[in-house]
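These notes are about the structure you will find just below.
The values are calculated or read from the model by the stated rules, or taken from the named source; none is laboratory data. Computed from a predicted model, the values in this text were never measured in an experiment. No Cβ is skipped: glycine too gets one built from the backbone with ideal geometry, and neighbour counts run over all protein chains shown.
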Amino acid sequence: MSVGNRVYLKKPVAEQELLAGFSRIPTANIADCMGRSCALDPRIRLLSSPQSPITVGVALTVKSRSGDNLMIHKALDMAQPGDVIIVSNEGGVSNRSLMGEIMFTYAGYKKITAIVLDGPIRDIDAAAAINYPIYGTGTTPGGPYKEGPGEINVPISCGGISVNPGDIIVMDADGIIVIPLADAAAVLKSANAFQAQDVAKVLAAANGTAKREWVDKKLAEKEIEIIDGSYRA
């Protein structure tokens, strides 16, 4: 086995009930149930126009050499509906695009759920019109190499977050979070309860019944000085 230059054809698959459950909850509310430490770096942003406000899929991981998309092409051939192709790109080095219109179009034909790149794309006008999520760090006309090496369906780091093949990826306009598959059922239970509380908090904020006493209590705990007067230079 050649570590660093291999393709695993199989990955864990999440139950459809889990995917459906997460598709009703914004990323922010799920992230708040995971210690607020599961979100990809915001430099990886939405570059297309997905039909659904929340998209959920299963990670098909790609570890690529910076600026090289040979393994991404192989991942496109392997991917099935429900898969999210998520690419490491050696920490997001951004001088070469990883994908363009031809690959986006083929991904649409394959009915891939989403593409997440820790690197830039090109053909932004075409990407902006596509109706499934494409996330990347930006755009550049500079094209990629197709030489490898790389790996598929192995652990990667994307946007500063560890991702294992089969992990659940949730995406919306705020960004992307990663839910380890082994923790998904527990996270969904917590997120459903948090979602109900959040709806109530939004309503209270709108009608003026929100409980704000915690702010002054926290300031007191931090020994913040409150001065009944104005600052003079």
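Checking each residue in segment 139-162 for being out of contact with any helix residue (DSSP H, G or I) (no Cβ under 8 Å at 6 or more places or on another chain), among the hydroxyl-bearing types (Ser, Thr, Tyr) and within 16 Å of Met99 (Cβ to Cβ) picks out only Thr140. The residues of segment 68-118 that are of a type in the set (Phe, Trp, Tyr) and closer than 21 Å to Gly138 by Cβ amount to a single one, Phe104. Taking the criterion of being among the aliphatic types (A, V, I, L, M) and over 23 Å from Leu181 (Cα atoms), the residues of segment 58-98 that qualify are Leu70, Met71, Val93, Leu98. Across segment 28-43, a minimum of one residue is classified as charged (D, E, K, R), in contact with a Ser or Thr (Cβ under 8 Å, 6 or more places away or on another chain) and surrounded by fewer than 18 Cβ atoms within 10 Å (Cβ to Cβ).
Just one of (1) acidic (Asp, Glu); (2) within 21 Å of Asp172 (Cα to Cα); (3) in contact with a helix residue (DSSP H, G or I) (Cβ under 6 Å, 6 or more places away or on another chain) fails for Glu101. It is (2).
Of the residues Ser2, Ser37, which single one is of a type in the set (S, T, N, Q), at pLDDT below 95 and farther than 24 Å from Lys74 by Cα?
Ser37
Residue under question is Arg122, and the condition is that it be of a type in the set (D, E, K, R) and in contact with a strand residue (DSSP E or B) (Cβ under 7 Å, 6 or more places away or on another chain); does it hold? Answer is yes for this residue.
As a summary of the residue check, Ser66 satisfies the conditions (1) in contact with a Ser or Thr (Cβ under 6 Å, 6 or more places away or on another chain); (2) among the small types (Gly, Ala, Ser); (3) surrounded by fewer than 23 Cβ atoms within 10 Å (Cβ to Cβ) except for the one numbered (1).
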